[in-house]
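Peer 1: Please read through the structure below; I'll follow up with questions.
The values are calculated or read from the model by the stated rules, or taken from the named source; none is laboratory data. As the structure is a computational prediction, the values presented were derived from the model and not from experiment. Cβ atoms come from the backbone with ideal geometry, glycine included; neighbour counts cover every protein chain shown. For the accessible areas, the whole protein counts, side chains as well, though only heavy atoms, and no ligand, DNA or RNA atoms are used. Shrake-Rupley method; radii C 1.70, N 1.55, O 1.52, S 1.80 Å.
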Amino acid sequence: MGEGSVLAEPGWAGAMRARIVATGSALPPKVLRNADLARMVSTSDEWIRERTGIQERRIVADGIASSDLGTEAAQAALARAGWDPTSLDMIVVATCTPDMPLPSTACLIQRNLKATRAFAFDLAAACSGFLYGLAVADLYVRSGSCRRVLLVGTEVMSAIMDWTDRSTCILFGDGAGAVLLEPSTDGNGILSTHLHSDGNLWDLVCVEGGGSRMPASAKMLEGRQHLMKMKGNETFKVAVKMLEATAREALAANHLDVKDVDLFIPHQANVRILNAVAERLGLEPDRLVVNMDRYGNTSAASIPLALDEAVQAGRVKPGSRILMAAFGSGLTWASALVKW
Ligand code: ACO
């Protein structure tokens, strides 16, 4: 495992940790089924189900961008918490599919919500983005700098898909999830966060064009370099190792055993990755949260979407210990342990 940073651990001398007050999510209504993809590229429903566990994913209508889904998810969370948007101090948005290079998607969501007091910024850690954002939000709350924080993971992955590449276009979907955080009053909340990066593995999952190294051009478009490329098999192997390692790291930091975990919410990348990690950890399927059969890999939105679903389904109870772990382009990987 590469060098990483421990951001917050039990006993850390900071102020009150952050707790998640409410969750929300947003999904576009349009469903893209495996059978639809089989008409676009050389694949089959059977291959996709067996190799990935995905049955369908949601795709936005033309003109819908990440800030639209993110705003809807945030509004759902704000309504559940009964918070006025003007009471927000900070908005963090994790996304690898921003509406545009600038301004940030966070500023667009701030405008949509009329959250006039909040400062807002995006955070780029691909599929680990939500957990990176959780670590940042927790530290701002612990430091006493912010009392009310909105964290959003939102993606329109369909915008960076190469719809002629069967090894990637079958995997991803669009969606958004949001959480609201405030200082904990009872000691529950975010118990720990662990973040890691290894830029040597940058080319496992990347979009090479459209930035300062390869600015937008006709040649770039022709070479399809504005779209995602992935070394799927290599990513798979690294993902299993890193998810297991960072999950164990979270447990060790909290002096907990895997039996103490009520729910494990991993980044929804491939059901074979999730099952392999759960098996290595010794975690039974009923404590593993899986929703990628319906939504595919929604990158930074995947964990908050799954968390919101688990909360709405009554799978999360006061005192539940929730272990979350993610990996993504960068390479980045991360874990968080939350006591609800
Ligand atoms: N339909 C049919 N056949 C396919 C398809 C498809 N959709 N995709 C690939 N194949 C073929 C390949 O061409 C290959 O054929 P060959 O043996 O004739 O060359 C064969 O299936 C096996 O290919 P592999 O790549 O070895 O298949 P694998 O079992 O590894 O599954 C997959 C591929 C699903 C991509 C898997 O590797 C995976 O899920 N990897 C992890 C991806 C991931 O988690 N990415 C997360 C990061 S995303 C982010 O950060 C934004």
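Peer 1: Out of the range 147-190, which residues are surrounded by fewer than 24 Cβ atoms within 10 Å (Cβ to Cβ), at pLDDT 95 or above, acidic (Asp, Glu) and within 26 Å of Ala76 (Cβ to Cβ)?
Peer 2: Within the range 147-190, just Glu182 meets the criteria.
Peer 1: Of Ile91, Ile54, which residue is within 16 Å of the ligand (Cβ to nearest atom), touching a residue at least 12 places away in the same chain (Cβ under 8 Å) and open to solvent by less than 30 Å² (accessible area, probe 1.4 Å)?
Peer 2: Just one listed residue meets the conditions, Ile54.
Peer 1: Within the range 126-145, is there a residue that is charged (D, E, K, R), away from the ligand (no atom under 16 Å from the Cβ) and in a loop (DSSP other than H, G, I, E, B)?
Peer 2: Checked against the condition, which is being charged (D, E, K, R), away from the ligand (no atom under 16 Å from the Cβ) and in a loop (DSSP other than H, G, I, E, B), the range 126-145 yields no hits at all.
Peer 1: Considering only the range 310-331, state which residues are within 16 Å of the ligand (Cβ to nearest atom) and open to solvent by less than 10 Å² (accessible area, probe 1.4 Å).
Peer 2: Passing the criteria: Met324, Ala325, Ala326, Gly328, Leu331.
Peer 1: Which ranges mark the helices (runs of 4 or more DSSP H) fully within the range 1-118 that have 3 or more residues being in contact with a Leu (Cβ under 7 Å, 6 or more places away or on another chain) and at pLDDT 95 or above?
Peer 2: 66-81
Peer 1: Since Val261 meets every condition but one in (1) of a type in the set (Val, Ile, Thr); (2) surrounded by fewer than 23 Cβ atoms within 10 Å (Cβ to Cβ); (3) within 16 Å of the ligand (Cβ to nearest atom), which condition does it not meet?
Peer 2: Of the numbered conditions (1) of a type in the set (Val, Ile, Thr); (2) surrounded by fewer than 23 Cβ atoms within 10 Å (Cβ to Cβ); (3) within 16 Å of the ligand (Cβ to nearest atom), the odd one out for Val261 is (3).
For every residue, the table says whether it meets (1) more than 16 Å from the ligand (Cβ to nearest atom); (2) surrounded by 15 or more Cβ atoms within 10 Å (Cβ to Cβ); (3) part of a helix (DSSP H, G or I).
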{"residue": "Leu195", "(1), (2), (3)": "no, yes, no"}
{"residue": "Trp202", "(1), (2), (3)": "no, no, yes"}
{"residue": "Met214", "(1), (2), (3)": "yes, yes, no"}
{"residue": "Met220", "(1), (2), (3)": "yes, yes, yes"}
{"residue": "Leu243", "(1), (2), (3)": "no, yes, yes"}
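Peer 1: While we're on this one: Specify which of the listed residues (Leu256, Leu227) is open to solvent by less than 60 Å² (accessible area, probe 1.4 Å), outside any helix (DSSP H, G or I), in contact (Cβ under 8 Å) with a residue 24 or more places away in the chain and within 21 Å of Thr164 (Cα to Cα).
Peer 2: Criteria check complete, one pass: Leu227.
Peer 1: Of the residues Thr154, Thr185, Thr168, which is in a loop (DSSP other than H, G, I, E, B), more than 23 Å from Leu251 (Cβ to Cβ), of a type in the set (S, T, N, Q) and in contact with a strand residue (DSSP E or B) (Cβ under 7 Å, 6 or more places away or on another chain)?
Peer 2: Criteria check complete, one pass: Thr168.
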